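Student: The structure follows.
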Amino acid sequence: MAGVTEPWYREAFRAHYLEVYRHRDDASAAREAAFAARALGLERGDRVLDVACGAGRHVRALRALGFSVTGVDLSPELLREARGRKGGGTYVRADMRALPFAPRFRAATLFFTSFGYFESEAEDRGVLRGVAGCLVPGGRMLLDAMNRERVRETLVPESDETVGGTRVRSERRISADGRRVEKKVRVEKAGGIVAEYVESVRLYGPAELHRLLEEAGFGVRARYGDLRGSPFTPDAERLVLVGERRC
């Protein structure tokens, strides 16, 4: 229908995403998966659900550690890429607001700012409830989010990078109400503009995320400042929470 535009995350997570975020590679995924396994208390053979799995780099890393991993994502392009790579894993296309799984997983992971995409907090709350519904009682979730205060204090307004013939120009700002970080992205190649969209992610503070997890049926077990296990501080790199589904 004329005049109707798709949500930003449908455009952002097409094949060009792998070029925009090419620094997010398999080596970093291996380190992050190893930390997640420790933080979640996983044992070999446990079933793990990777939400917003993209091209599957964390799925492959978790499988290499001996877990049975299912990746779920909305992007058909990134799922096609995931299925075409070595390393195995099961991949399912679904919206994270409507996860199609029975409670059979021992753990779930949401890596690299896979939370806060939607317009309302109610939708974000629904995502957490949906993840809880996929976990067995006592199952755990690792949520890797941006540290709101660090983002507000260190935001880089503009960047312009060219790698391998692809130019990525970004303009960043905090929304007028201070609740979201917005990034206008333009991806260009020799033939012209490949993609142009505005990412918009809701920013949560620690207390807010704790509240949302509690409301979704989780007890917060741990809080970290990055995916290496550093303590969380106001200027920490990330806000990483581990929640446990209550029985």
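Nothing in this text is a laboratory measurement; each read-out follows from the coordinates by a stated rule. None of the values given here were measured: they were computed from a predicted structure. Don't worry about glycine lacking a Cβ; one is built from the backbone with ideal geometry, like all the others, and counts go over all protein chains shown.
Student: Restricting to Cα pairs below 8 Å that are 6+ residues apart, what does the relative contact order work out to for the range 53-109? Please round to a whole percent.
Tutor: Numbers: 69 pairs, mean separation 19.4, N = 57.
Answer for the range 53-109 is 34 percent.
Student: Nearest 5 percent is fine: what portion of the DSSP beta bridges confined to the chain is antiparallel?
Tutor: Details: 38 of 55 bridges.
Close to 70 percent.
Student: Which one, A27, A216, A61, has the greatest fluctuation when you compute a Gaussian network model over the chain with C-alpha springs under 10 angstrom?
Tutor: A27
Student: Something else now. Any idea what angle helix 121-134 forms with the longest principal axis of the chain, computed on alpha-carbon atoms, 0 to 90 degrees, nearest 10?
Tutor: Once rounded, the angle reads 40 degrees.
Student: In a Gaussian network model over the chain where Cα atoms closer than 10 Å are linked, find which of S159, S75, S114 has the largest mean-square fluctuation.
Tutor: Looking only at S159, S75, S114, the largest GNM fluctuation is found for S159.
Student: Provide F105, F118 in ascending order of the number of other Cβ atoms located within 10 Å of each residue's Cβ, fewest first. Write out the running numbers ahead of the final one.
Tutor: On the way: F105 23, F118 19.
With the sparsest Cβ surroundings first, the list reads F118, F105.
Student: Restricting the calculation to Cα positions, tell me the Rg (one decimal) and the Dmax (whole number) of the chain in Å.
Tutor: 17.6, 55
Student: Under a Cβ-Cβ cut-off of 14 Å, what is the net charge of the residues other than A108 that fall near it, where Lys and Arg count +1 and Asp and Glu count -1?
Tutor: Working: positive: R47, R104, R106, R129, R140, R221, R245; negative: D46, D50, D73, D144, E244.
Taking every Cβ under 14 Å from that of A108, the sum is +2.
Student: While we're looking at this one, here's another question. Kirkwood hydrodynamic radius of the range 1-108 from all distinct Cα pairs, in Å?
Tutor: On the way: mean 1/r = 0.0688 Å⁻¹.
After inverting the mean inverse Cα-Cα distance, the result is 14.5 Å.
Student: From Cα pairs below 8 angstrom and at least 6 apart in sequence, can you work out the relative contact order of the range 150-200, rounded to a whole percent? The partial results should precede the final answer.
Tutor: On the way: 86 pairs, mean separation 13.3, N = 51.
RCO, the range 150-200: 26 percent.
Student: If each Cα of the range 150-200 is one equal point scatterer, what is log10 of I(q)/I(0) from the Debye formula at q = 0.12, 0.16, 0.20, 0.31 Å⁻¹?
Tutor: With no solvent term, the Cα-only Debye profile gives -0.31, -0.50, -0.70, -1.16.
Student: With angles folded into 0 to 90 degrees, how steeply does helix 26-40 sit against the dominant principal axis of the chain? Use alpha carbons for both and round to 10.
Tutor: Compared with the principal axis, the helix lies near 30 degrees.
Student: Apply the Karplus parameterisation 6.51 cos²θ - 1.76 cosθ + 1.60, with θ equal to phi minus 60°, to every residue of the range 61-72 and state each ³J(HN,Hα) to the nearest whole Hz, in sequence, with x for glycine and proline.
Tutor: Residue by residue, the range 61-72 yields 5, 5, 5, 5, 8, x, 9, 8, 10, 10, x, 10 Hz.
Student: Rank T154, V168, Y197 by how far each Cα sits towards the positive end of the charge dipole of the range 150-200 (+1 on Lys, Arg Cβ; -1 on Asp, Glu Cβ) and give me just the farthest.
Tutor: T154
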